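Structure record follows, encoded as structure tokens.
The values are calculated or read from the model by the stated rules, or taken from the named source; none is laboratory data. Since this is a predicted model, take the numbers as computed values, not measurements. Counting neighbours? That spans all protein chains shown, and the Cβs are built from the backbone with ideal geometry, glycine included.
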């Protein structure tokens with residue numbers, strides 16, 4: 001029998017241990033390969049959204065690659081750890097660390113090759129289905145199934161690289177093996193727990209305070225975008241979470257000891273959980289972070305997606321609008337009427353607002369997209385926005401409509417000069433602030449609009465050329481979702497006279513587009529569904545990672561748990577009691593990270609929503625996040641039940 | 001009064017009718033009186049541990065009856081057996097089997113904790129027994145931070161805490177050097193004489209067995225012979241060795 005035979009024989013005997021490592025690697029390869037086939041699919045590259053889709057899949061691939069490094073490395077480490085005792089015995093019998101390294105290498109090569117090949121084969125088999133699903137989710141038409149040799153090259157080289165790294169690390173670790181430690185390591189998992197209340201209380205206090213503070217700073221624009229404030233908060237939250245996980249068990253135990261009756265009643269469960277937390281604090285911490293990521297990554301796009309109707313309503317308050325100015329978008333009443341007559345949904349209201357497009361100048365050198373601002377009279381402004389501005393002669397109000405922060409060079413108290421034809425008139429800026437506008441900011445693209453005293457407005461109107469006197473057309477319908485046809489015919493109609501223009505549309509004219517709730521909604525929905533697709537995949541990956549980590553953890557603990565419960569069995573514990581203890585312990589390990597993670601996830605969502613100015617939809621956002629968290633709990637519960645059945649069954653085998 | 005009465009116990013592994021089945025026990029029969037200290041000896045593979053497991057309700061016999069404290073245990077359900085074990089039986093195992101995550105005191109209380117006994121009763125009982133074995137002061141320490149001897153005493157305390165009808169000891173000196181063995185066996189003698197505990201011990205160590213009052217020898221799954229001590233351990237030890245020689249095999253091992 002040669003050395004090689006020993007390694008091969010080992011492989012056969014330890015098949016069960018290898019299986020999880022093999023499955024993890026194979027799974028990573030499959031996922032990566034399927035994604036890469038999309039990235040290299042020519043027919044997607046030829047479709048309209050090429051750039052977004054490429055970016056989406058590029059990012060996904062990077063995330064999956066990073067995930068694979070973590071995941072395979074974890075599986076590998078767990079696998080090597082489960083064999084310490086075996087290696088210890090080998091070394092006692094006279095194997096050198098070199099021999100051990102050789103065994104590890106041979107075994108790993110076998111696993112790596114088989115997982116890589118089976119991963120690629122599975123990926124190949126499922127890639128057709130996957131491409132079809134992607135095409136339907138992302139609304140890509142004429143997607144033809146294709147496999148590119150680049151996918152193979154990329155997958156193989158990436159995983160070869162990952163496996164190489166893993167191997168190098170494990171070889172380095174193997175050369176430090178000491179017999180004594182190898183043999184002891186499998187037994188040293190139950191260490192004494194010191195009875196201290198303080199660190200646990202401190203941990204939970206730090207966690208709670210940092211979370212509260214984090215939530216508070218979210219509401220202040222100056223603080224929530226300041227990295228010096230935000231990053232320490234996140235770090236303190238993580239530190240608090242880690243402390244809580246490490247020390248809370250002890251604190252609970254200490255507090256329970258004050259009531260011996262309850263303490264002894266729950267003694268076994270308590271000590272079991274506290275020890276498990278103490279041994280596995282790192283794993284539980286990592287799981288908590290993973291859970292918070294799952295909640296955050298899945299809940300935010302899910303909320304956005306389901307809120308796209310509401311958000312489109314906020315972004316585009318009116319159902320259909322456009323601005324007619326600079327000879328663009330000219331249309332007569334009769335044509336408009338004809339268009340809306342054919343619309344399946346009835347026109348509810350129609351508003352026309354006259355405005356002036358005026359060039360402007362300030363000391364701060366303010367500019368705007370079209371080099372001009374829309375200007376409206378005070379009476380019309382107050383009427384349409386239900387405000388009550390009262391401006392004196394020579395005064396101007398600057399209503400900021402852009403979503404970006406800042407005043408764009410027009411400050412309160414400064415002077416603004418407006419040019420009408422040949423004359424320039426100076427105005428005193430009474431205020432420059434975020435305020436509603438008669439139309440949504442983009443029908444006449446600008447970051448703000450100006451309001452003038454009625455007298456001033458009339459005087460300026462006299463002086464400017466007629467093409468710079470514009471009209472906002474604003475239409476609302478019974479049902480904005482049925483406006484598709486009207487939008488289409490309106491666009492066709494508006495583009496017609498421009499076509500006759502031999503010079504074609506100039507840059508300014510091109511920017512005066514027709515805006516509609518329906519299109520805004522479609523664009524949002526499309527963007528969010530893409531976003532959701534990517535993050536949901538990440539969420540699922542994290543969920544699988546978290547699940548596998550839990551599974552490995554339970555798996556490596558089966559041996560010692562079995563021994564322990566057999567002792568208890570001999571003393572006289574009933575199966576029911578043992579099952580209860582195991583269930584409780586398992587439930588805490590499964591759900592504690594989820595609870596921690598959800599709390600952190602909520603905090604991050606709350607923060608992010610504030611950061612991007614989404615206070616309006618906070619309630620709905622949180623409700624949707626709760627749906628996701630609930631779904632996550634349901635999934636985890638299913639996972640818990642399956643694991644419990646298997647784990648308890650195996651531990652209580654002899655009962 | 002008979003504490004334990006075993007009648008015609010057989011244990012067959014691998015199905016009754018199967019050709020490949022092995023008979024581990026083949027009609028074992030004996031009884032133990034209250035206050036007795038019985039050793040069960042026999043060569044490796046003679047069925048000692050199987051017998052102990054069956055007598056203590058951890059394993060079930062293929063046929064035969066076992067009566068402990070006037071209860072038929074082979075007719076009990078698994079859960080009834082578990083309850084019976086923690087209320088009526090005491091156990092001392094090889095390597096002591098203390099749980100590392102519990103303090104000595106908690107380990108000792110364990111059978112009563114499982115039985116949801118009253119807090120004060122547990123404390124009192126625990127104090128009584130731990131004081132007797134001089135480990136009361138270290139009750140809050142964990143098993144790995146006390147000496148081997150202290151662990152042994154904790155294990156013996158645990159087996160006695162519920163006032164068992166009988167204490168089962170499975171190779172209690174299995175992994176010990178002669179000095180520690182001596183200490184453990186003296187403990188057993190102490191509980192037997194002072195507390196009048198009934199003890200059934202399985203061992204292959206003739207020295208440990210010489211502390212018993214009576215030895216039952218098992219061979220090929222049946223009682224082969226039985227000897228009773230006349231009070232002199234040395235003389236009893238010699239006789240045990242002779243018996244082992246007759247049984248075959250084990251004399252060289254000592």
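Just give me the residues in segment B:87-106 being modelled with pLDDT of 85 or more, under 29 Å from residue B:72 (Cα atoms) and facing another protein chain (nearest Cβ under 10 Å), in sequence order. Matches in segment B:87-106: B:87, B:88, B:89, B:90, B:91.
What number goes with the only condition from (1) within 25 Å of residue A:482 (Cβ to Cβ); (2) loosely packed, with under 15 Cβ neighbours inside 10 Å; (3) at pLDDT below 80 that residue A:340 does not pass? Condition not satisfied by residue A:340: (2). Across segment A:439-474, the number of residues qualifying as under 16 Å from residue A:318 (Cα atoms) and at pLDDT 85 or above comes to 4.
Residues checked against (1) touching a strand residue (DSSP E or B) at 6+ places or on another chain (Cβ under 9 Å); (2) part of a helix (DSSP H, G or I); (3) closer than 22 Å to residue A:35 by Cβ; (4) modelled with pLDDT under 85:
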| residue | (1), (2), (3), (4) |
| --- | --- |
| A:74 | no, yes, yes, yes |
| A:100 | no, yes, no, yes |
| A:136 | no, yes, yes, yes |
| A:142 | no, no, yes, yes |
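Take segment B:1-34 and flag every residue that is outside any strand (DSSP E or B) and either in contact with a helix residue (DSSP H, G or I) (Cβ under 9 Å, 6 or more places away or on another chain) or closer than 26 Å to residue B:196 by Cα (or both). Within segment B:1-34, B:1, B:34 qualify. Which of the residues spanning segment B:183-193 are in contact with a helix residue (DSSP H, G or I) (Cβ under 8 Å, 6 or more places away or on another chain) and surrounded by fewer than 22 Cβ atoms within 10 Å (Cβ to Cβ)? Within segment B:183-193, B:183, B:187 qualify.
This table checks each residue for (1) surrounded by 19 or more Cβ atoms within 10 Å (Cβ to Cβ); (2) within 30 Å of residue B:55 (Cα to Cα).
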position	(1), (2)
A:523	no, no
A:532	yes, no
A:573	yes, yes
A:592	yes, no
A:600	yes, no
A:607	yes, no
A:610	yes, no
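Scan segment B:35-52 and tell me whether some residue there is within 14 Å of chain A (Cβ to nearest Cβ) and part of a loop (DSSP other than H, G, I, E, B). Looking for residues that are within 14 Å of chain A (Cβ to nearest Cβ) and part of a loop (DSSP other than H, G, I, E, B), one finds none in segment B:35-52, hence no. If you go through segment A:601-655 and pick out every residue that is over 24 Å from the mean Cα position of the chain (by Cα) and closer than 16 Å to residue A:536 by Cα, you end up with 0. Kindly indicate whether residue A:580 is surrounded by 19 or more Cβ atoms within 10 Å (Cβ to Cβ), assigned to a helix (DSSP H, G or I) and within 14 Å of chain B (Cβ to nearest Cβ). Judged against the criteria, residue A:580 is not a match.
Before we move on, is residue A:476 in a helix (DSSP H, G or I), on the phi < 0 side of the Ramachandran plot and touching a residue at least 12 places away in the same chain (Cβ under 8 Å)? Judged against the criteria, residue A:476 is not a match.
Scanning segment A:453-467 for residues that are over 15 Å from residue A:424 (Cα atoms) and assigned to a helix (DSSP H, G or I), we see that the one that is nearest to the chain's Cα centre (by Cα) is A:467.
Each row is one residue, and each column tells you yes or no for (1) in contact with a helix residue (DSSP H, G or I) (Cβ under 6 Å, 6 or more places away or on another chain); (2) within 14 Å of another protein chain (Cβ to nearest Cβ); (3) modelled with pLDDT of 85 or more.
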| position | (1), (2), (3) |
| --- | --- |
| B:116 | no, yes, no |
| B:136 | yes, no, yes |
| B:150 | no, no, yes |
| B:158 | yes, yes, yes |
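Suppose the filter is over 17 Å from the mean Cα position of the chain (by Cα) and within 14 Å of chain A (Cβ to nearest Cβ); does residue B:146 pass it?
yes
Hey, could you check segment B:72-86 for residues that are buried (at least 21 other Cβ atoms within 10 Å of the Cβ) and within 7 Å of another protein chain (Cβ to nearest Cβ) and say which is farthest from residue B:60 (Cα to Cα)? Among those residues, the one meeting the criterion is B:86. Surrounded by fewer than 18 Cβ atoms within 10 Å (Cβ to Cβ), more than 14 Å from chain B (Cβ to nearest Cβ) and modelled with pLDDT of 85 or more, is that true of residue A:236? Answer is yes for this residue. Considering only residues that are crowded, with 21+ Cβ neighbours inside 10 Å and within 16 Å of residue A:472 (Cβ to Cβ), which ones fall in segment A:292-325? Across segment A:292-325, the qualifying residues are A:316, A:318, A:319, A:320, A:321, A:322, A:323, A:325. State whether one or more residues within segment B:94-104 are farther than 23 Å from residue A:579 by Cβ and touching a strand residue (DSSP E or B) at 6+ places or on another chain (Cβ under 9 Å). Checking segment B:94-104: at least one residue is farther than 23 Å from residue A:579 by Cβ and touching a strand residue (DSSP E or B) at 6+ places or on another chain (Cβ under 9 Å).
The strands (runs of 3 or more DSSP E) found entirely in segment A:319-429 that carry 3 or more residues being under 38 Å from the mean Cα position of the chain (by Cα) are A:320-324, A:395-400.
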